[in-house]
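Taking it in order: structure first as structure tokens, then the write-up.
Every number here is computed from the coordinates shown, using simple stated rules; none is lab data. What you see is a predicted model; the values in this text were computed from it and never measured. Using ideal geometry, Cβ is built from the backbone for each residue, glycine included, and neighbour counts are taken over all protein chains shown.
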Amino acid sequence: MTRKARLLIVEDEAAIRNGLVDVFVYHGYEVETAEHGEVGLRMAKGGNFDLILLDVMLPGIDGFEICNRIRQQDRQQPVIMLTAKSSDEDIVQGLTLGADDYVAKPFSVTQLVLRVQAVLRRSGIDEDAAREIHLVNGVVIDSVNLCAGDTAFTRREMDLLLYLCKQADRPVAREELLARVWGYANHMEIETRTVDIHIAKLRRKIEKDPANPQAIVTVRGAGYRLMLQAQ
């Protein structure tokens, strides 16, 4: 018998929380909830959940701080942030702290379910992840332990890096990265800044000068290209 995926929904608005429980139980998920930030953090750090749906505006500890503390403990835990804040600053903050995705309120329940499914599909370790990747600036990436020396990566950052490595002979469009790394279908309306922000995070970790990238370069009108170390 296939194990049900376990979700934690941290949301203080009862109507939204109960509605999401009904939706995800209907779709075959096992769901637990929290309505307070401190309770949500405690459950998130000890509950072995497959994915956490995390509201930003919470009583007690807000969603940004919860996401930050989750990432300090577990770089692979899938997290989707639910937010009524849709400004670029809030989006950047959530993704920079390590969220896999964000969904702005009010949201389409159908779209949210699809995005949860997509993140869960990508949350497993890629079978190619046993390989080390040598970047052009000489940094050796340990894709199993999600690190490069003392620098740690999230699972999503490593998935993105692995995919760019496999396609290193060509630029990769944002839409392709959303489809192949995030698992989003082409028809889904996804904010492409998700890709740009993750690229910026990778550059800060692997580039000697992130403002003048040499490993992950932007190809105008075409996307991003990873420059592998010459053999």
Q: Sort largest first and round to whole Å: the equivalent ellipsoid semi-axes of region 28-70, each the square root of five times a Cα gyration tensor eigenvalue.
A: 17, 11, 9
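With r as the distance between the Cβ atoms of Asn145 and Glu13 and R0 = 45 Å, compute the FRET efficiency 1/(1 + (r/R0)^6) and round to 0.05.
The pair Glu13/Asn145 has a calculated efficiency of 0.70.
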Q: Could you work out how far the C-alpha centroid of region 47-101 sits from that of region 194-220, in angstrom?
A: 22 Å
(Q) So if each residue of separation counts as 0.36 nm, and I subtract the Cα-Cα distance between His36 and Ala104, what length gain in nm does that give? (A) 22.5 nm
Q: Per residue of region 176-182, in order, report the coupling 6.51 cos²θ - 1.76 cosθ + 1.60 (Karplus, θ = phi - 60°) as ³J(HN,Hα) in whole Hz, putting x for Gly and Pro.
A: 5, 5, 4, 6, 8, 9, 8
Q. Among residues other than Asp55 whose Cβ falls under 10 Å from its Cβ, what is the net charge (Lys/Arg +1, Asp/Glu -1)?
A. -3
Q: Can you tell me the relative contact order of the chain? Whole percent, Cα pairs under 8 Å, sequence separation 6 or more.
A: 14 percent
Q: Could you tell me what fraction of 2.2 N^0.38 Å the Cα radius of gyration of the chain comes to, as a two-decimal ratio?
A: 1.02
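When DSSP assigns beta bridges and you keep just the ones with both residues in the chain, what percent turn out antiparallel, to the nearest 5?
40 percent
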**Q.** Coordinate range along principal axes, alpha carbons of region 6-121, Å, largest first
**A.** 31, 31, 29
Q: Name the residues whose placed amide hydrogens come within less than 5 Å of the amide hydrogen of Val31, ignoring near sequence neighbours (fewer than 5 apart) on the same chain.
A: Leu7
Q) Is it possible to state the helix-based mean residue ellipticity at 222 nm for the chain, with each DSSP H run of 4+ residues giving -39500 (n - 2.57), the sum divided by total residues, to the nearest 500 deg cm²/dmol? What is it? A) -11500 deg cm²/dmol
